[in-house]
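Heads up: the structure comes next, in structure tokens.
The values are calculated or read from the model by the stated rules, or taken from the named source; none is laboratory data. Keep in mind it's a predicted model, so treat the numbers as computed, not measured. Cβ placement follows ideal geometry from the backbone for every residue including glycine, while neighbour counts extend to all protein chains displayed.
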Amino acid sequence: MPGVTEGKYRMGLAGLLALALSACGGGTKYRPASDTPVRIGPPYTIRGVTYAPAADPQYDMLGYATWYGNESGNQTANGERFRPRWYTAAHKTLPLPTYVEVTSLDTGRRIIVRINDRGPFGESARIIDLSQGAAELLGVRAKGKATVRVRAVRPAERDRKALREGKAARPLPPVPGPTLANLQGQFARGVGAR
């Protein structure tokens, strides 16, 4: 009978090893990029600050954008796989997903991104974290931190589909000069004055 016990031990050890290896490589289940269900979620606390997610179709804010891209393959807050080259973003409270138009206050360039993650945390004037691809498309990657306007939008299904597939939405014309100057002035009096 010693051979039977030894065989069971080896089979059990092999099973545990297989289980451990499967957990290391691909055990995470990602949900596909989809617009449904929209997830708002309960309030949550990070570093002593509580954030209360809520629907806000009129969302329109000035602040700072940063970007992130080293988390490739991590799971986003809504369960999707993070892909740094896609045109996505993280926001503290908007529903997941939400589509927003991000405008660079330096150049007037505008893009549409899909929010599928939570962040940025820390400095309160940081209102959005762009993926590496989104930061490059907006022309702010080299800066690390850029002044922006972020407003909720409802793009055409064609653009939403492109963003769900990792492609860019159709290009938007830059903000006209007088409008950009107005936004820059608002930023200087508001966020920039902090």
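Can you confirm whether LEU130 is part of a loop (DSSP other than H, G, I, E, B), at pLDDT 95 or above and either among the aromatic types (Phe, Trp, Tyr) or surrounded by 20 or more Cβ atoms within 10 Å (Cβ to Cβ) (or both)? Quick ask: steps written out before the conclusion?
Values: part of a loop (DSSP other than H, G, I, E, B): no; at pLDDT 95 or above: yes; either among the aromatic types (Phe, Trp, Tyr) or surrounded by 20 or more Cβ atoms within 10 Å (Cβ to Cβ) (or both): yes.
So LEU130 does not fit the description; no.
Is at least one residue of segment 92-103 within 19 Å of LEU180 (Cβ to Cβ), outside any loop (DSSP other than H, G, I, E, B), over 14 Å from the mean Cα position of the chain (by Cα) and modelled with pLDDT of 95 or more?
So in segment 92-103, the residues within 19 Å of LEU180 (Cβ to Cβ) come out as 100-103.
Remaining after also requiring outside any loop (DSSP other than H, G, I, E, B): 100-103.
Next, only the ones that are over 14 Å from the mean Cα position of the chain (by Cα) stay: 103.
Imposing the further condition that a residue be modelled with pLDDT of 95 or more reduces the set to 103.
The answer is yes, given that some residue of segment 92-103 is within 19 Å of LEU180 (Cβ to Cβ), outside any loop (DSSP other than H, G, I, E, B), over 14 Å from the mean Cα position of the chain (by Cα) and modelled with pLDDT of 95 or more.
If only one of ALA90, ALA65, ALA52 is among the small types (Gly, Ala, Ser), in contact (Cβ under 8 Å) with a residue 12 or more places away in the chain and surrounded by fewer than 13 Cβ atoms within 10 Å (Cβ to Cβ), which one is it? First the steps, then the outcome.
Numbers: ALA90 fails: surrounded by fewer than 13 Cβ atoms within 10 Å (Cβ to Cβ); ALA65 fails: surrounded by fewer than 13 Cβ atoms within 10 Å (Cβ to Cβ).
Residue meeting the stated conditions: ALA52.
With the requirement that a residue be exposed (fewer than 11 other Cβ atoms within 10 Å of the Cβ), within 23 Å of the chain's Cα centre (by Cα) and assigned to a helix (DSSP H, G or I), what does segment 157-194 give you?
Passing the criteria: GLU157, ARG158.
I need the full set of residues from segment 134-154 which are part of a helix (DSSP H, G or I) and farther than 16 Å from HIS91 by Cα, in order please.
Those that are part of a helix (DSSP H, G or I) and farther than 16 Å from HIS91 by Cα: GLU136, LEU137, LEU138, ARG141, ALA142, LYS143.
Going through GLY119, GLY48, GLY108 one at a time, which residue ends up being touching a strand residue (DSSP E or B) at 6+ places or on another chain (Cβ under 7 Å) and either modelled with pLDDT of 95 or more or farther than 28 Å from PRO173 by Cβ (or both)?
Working: GLY48 fails: touching a strand residue (DSSP E or B) at 6+ places or on another chain (Cβ under 7 Å); GLY108 fails: touching a strand residue (DSSP E or B) at 6+ places or on another chain (Cβ under 7 Å).
The unique qualifying residue is GLY119.
List the pairs whose first member sits in segment 151-172 and is in contact (Cβ under 8 Å) with a residue 24 or more places away in the chain and charged (D, E, K, R), whose second member is assigned to a loop (DSSP other than H, G, I, E, B) and loosely packed, with under 12 Cβ neighbours inside 10 Å, and whose Cβ atoms are under 9 Å apart, counting only residues at least 6 apart or on separate chains?
ARG151/GLN58; ARG154/PRO57; ASP159/ARG170; ARG160/ARG154; ARG164/PRO32
Is one or more of the residues making up segment 184-194 over 16 Å from ALA90 (Cα atoms), charged (D, E, K, R) and touching a strand residue (DSSP E or B) at 6+ places or on another chain (Cβ under 9 Å)? Talk me through it step by step, then tell me what you get.
Kept after step one, since they are over 16 Å from ALA90 (Cα atoms), are these residues of segment 184-194: 184-194.
Right, trim to charged (D, E, K, R) and you get 189, 194.
Applying the additional criterion that residues be touching a strand residue (DSSP E or B) at 6+ places or on another chain (Cβ under 9 Å) yields none.
Scanning segment 184-194 turns up no residue that is over 16 Å from ALA90 (Cα atoms), charged (D, E, K, R) and touching a strand residue (DSSP E or B) at 6+ places or on another chain (Cβ under 9 Å).
Considering THR107, THR98, THR147, which residue is touching a residue at least 24 places away in the same chain (Cβ under 8 Å), closer than 22 Å to ILE46 by Cβ and not hydrophobic (A, V, I, L, M, F, W, C)? Please lay out each step first, then the result.
On the way: THR107 fails: closer than 22 Å to ILE46 by Cβ; THR147 fails: closer than 22 Å to ILE46 by Cβ.
Going through THR107, THR98, THR147 in turn, the sole match is THR98.
Filter segment 48-91 down to the residues that are part of a strand (DSSP E or B) and touching a helix residue (DSSP H, G or I) at 6+ places or on another chain (Cβ under 8 Å) and list them by number. Write out each step before concluding.
Residues of segment 48-91 that are part of a strand (DSSP E or B), as a first pass: 49-51, 60-68, 75, 81, 88-90.
The answer is LEU62, GLY63, TYR64, ALA65, TRP67, TYR68, THR88, ALA89.
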